[in-house]
Amino acid sequence: MSQRAAGNNDVSQIIKDITISPTRAKKFRASVTNAETKTVKKLTPSQALSSFVDADLSQKQYEIIQGANKNIYPCYSLLKKAKSQCYPKEESISITETNAEIKLQDLLDHTVSRLCTYLEEVLKNITKEERRNLELITKWGCDGSQQTEYKQKFQNDTDNDAYIFQSSLVPIRLISNTNGHKKIIWQNPLSSSSRYCRPIRIRFVHETKDIINEEVEYIRKPNTKLNKTEVSQTPMEFSLYIKHILLPTMVDGKVCNAATNTSFTMRCYICGETSKNFNNLAKKKEENPERFKFGLSILHMRIRVFEFLLHLSYKLPIKKWQARNDKDKKAISEKKRSIQKSFKEEMGLLVDIPKAGFGNTNDGNMSQRFVAEPEVSARITGLDVNLIRKFKVMLEAISSGFTIDVKKFSSYLTETAHLYVNLYDWHPMSPTIHKILIHGATVIFHALVPIGQLSEEAAEARNKHFRQYRQNFSRKFSRKACNRDILNRLLMNSDPFITSSQSRFKKKSKPFSSETLVLFCPEELA
């Protein structure tokens, strides 16, 4: 009895298909067998290394995972070869017990080479003239931090590991500049992240004015003599010539003051004015154009704005900048306790509380919470809600990473400055508030890329990473070996090829307010 007559139309059609030719049945069977056998594609060493870095694995952890999934993950020896490609040439690296450094030219050459490997397909499609006139815009900076002291002996008894001071760089944008016509080839999608943050030098020294100036000079000297990087790789079948532009924007106020020989912390390093004249908006401030290069230190600005508004609110009962008698000091202390209590009860924030060992609880996240809810913050502190809202819009625009309309932003800053002086003329602006309200628009105008892409967040994050890598991913039997392991991990973690190959998870972000959107250039809103 036929399958069609029995109502099995599908079976009938299959029999018909496989009997069309003598070889059809064999092909059909092979097709069914292949479909049943799921093929798993093995990761390349570079892909496996990308996952290794993304998950922050150790060698032991990777070997356990690889042992259970040998058909997916390559063995660790292949991963080790892929790791070696993340490091500059050996002769450019210098390691001692208290120092780990890479020659600036070699670090930039290696960074560009790895980036171009990732951009191979893009670079094939640009003209020969564009390939010969490429420019890499890179930000750099230095910062110090406190570290844990380890039970390891130094050869020199005067050395210690209680502090580190490190300098690093982040590639921001690769452009072609042909006869004044600029074209963006690559844009760092994570300019404020540590993912592309490359270590230049790490030293076990305490951050002081002399150390800062020494580090600035250490970068400045080779920077003036940097050669173009020539990238000529066999698979590409063409050569690239990349000029380097370094911007010293990954710095905080302490570094800016030291680098400009500004010894008084209440003096503006851009115009030289002191707090005595900050509120005098009628007086024209003469700016030093050489000092626009340091940017606006956006991460620290957020915290300093928050702290300034907080300390201003403490002094509202006495309406004086400084408390000079016991009565005023008591009033400030009571207001401070009241505000701290209200923030904890209403927003769950531990405001302005000293931390054991260093600093206090004020950080960037707390600053964000403070300005994100201006009505609540104004009610708790007693400050003008419009002033807090204006600082919120200002900080949103600066840290956005988008191109800001300088003319509109300048008007907005001037309006904010006048509002502040009209409300609180008895309290001088802090140097940070003065810098953004008076000089902010000019600094943004002179920046080669949007100011939000020049923040120092990546350098700050590297202090935490140094601590983690030293504890979890370094050999402890030798200080030199320990420093080499940390440097290798930092290089691998920031390698442009590996980082660009990693899968990025989209973070939930709140939309900009309508007031902030008005301050952006029209092309950013298109």
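The values are calculated or read from the model by the stated rules, or taken from the named source; none is laboratory data. All values derive from a computational prediction rather than experimental measurement. Every residue, glycine as well, gets a Cβ built from its backbone with ideal geometry; the counts of neighbours run over all protein chains shown.
Take the range 312-329 and flag every residue that is outside any loop (DSSP other than H, G, I, E, B) and either touching a helix residue (DSSP H, G or I) at 6+ places or on another chain (Cβ under 8 Å) or modelled with pLDDT of 95 or more (or both).
Filtering the range 312-329 for residues outside any loop (DSSP other than H, G, I, E, B) gives 312-314, 326-329.
LEU312, SER313, TYR314 - these are the residues of the range 312-329 that are outside any loop (DSSP other than H, G, I, E, B) and either touching a helix residue (DSSP H, G or I) at 6+ places or on another chain (Cβ under 8 Å) or modelled with pLDDT of 95 or more (or both).
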- [ ] Just give me the residues in the range 85-123 being part of a helix (DSSP H, G or I), charged (D, E, K, R) and free of Cβ contacts under 8 Å to residues at least 40 places away in the same chain, in sequence order.
- [x] GLU90, GLU91, ASP106, GLU121
Task: Answer from ILE126, ILE72 - the residue that is under 22 Å from SER501 (Cβ atoms), in the same structural domain as ASN188 (by the TED database) and not in a helix (DSSP H, G or I) - done: ILE126
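Could you list, in sequence order, the residues of the range 264-298 that are of a type in the set (Gly, Ala, Ser), in contact (Cβ under 8 Å) with a residue 40 or more places away in the chain and in a loop (DSSP other than H, G, I, E, B)?
GLY295, SER297 - these are the residues of the range 264-298 that are of a type in the set (Gly, Ala, Ser), in contact (Cβ under 8 Å) with a residue 40 or more places away in the chain and in a loop (DSSP other than H, G, I, E, B).
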- [ ] Give SER377, SER367 a once-over and let me know the one that is among the hydroxyl-bearing types (Ser, Thr, Tyr) and within 30 Å of THR148 (Cβ to Cβ).
- [x] SER367
- [ ] Give the number of residues within the range 348-367 that are outside any loop (DSSP other than H, G, I, E, B) and buried (at least 16 other Cβ atoms within 10 Å of the Cβ).
- [x] 3
Task: Every residue from the range 168-189 that is closer than 20 Å to PRO248 by Cβ and either assigned to a strand (DSSP E or B) or aliphatic (A, V, I, L, M) (or both) - done: SER168, LEU169, VAL170, PRO171, ILE172, ARG173, LEU174, ILE175
TODO: Report, ordered by the first and then the second residue, all pairs with beta carbons closer than 9 Å, sequence separation of six or more or different chains, a first member in the range 327-350 that is at negative phi and of a type in the set (Lys, Arg), and a second member that is modelled with pLDDT of 90 or more and not in a loop (DSSP other than H, G, I, E, B).
DONE: LYS335/SER313; LYS335/TYR314; LYS336/LEU310; LYS336/HIS311; LYS336/SER313; LYS336/TYR314
Open item on the list: So ILE185 ticks every box in (1) at negative phi; (2) modelled with pLDDT under 90 but one. Which box is left unticked?
Closed with: (2)
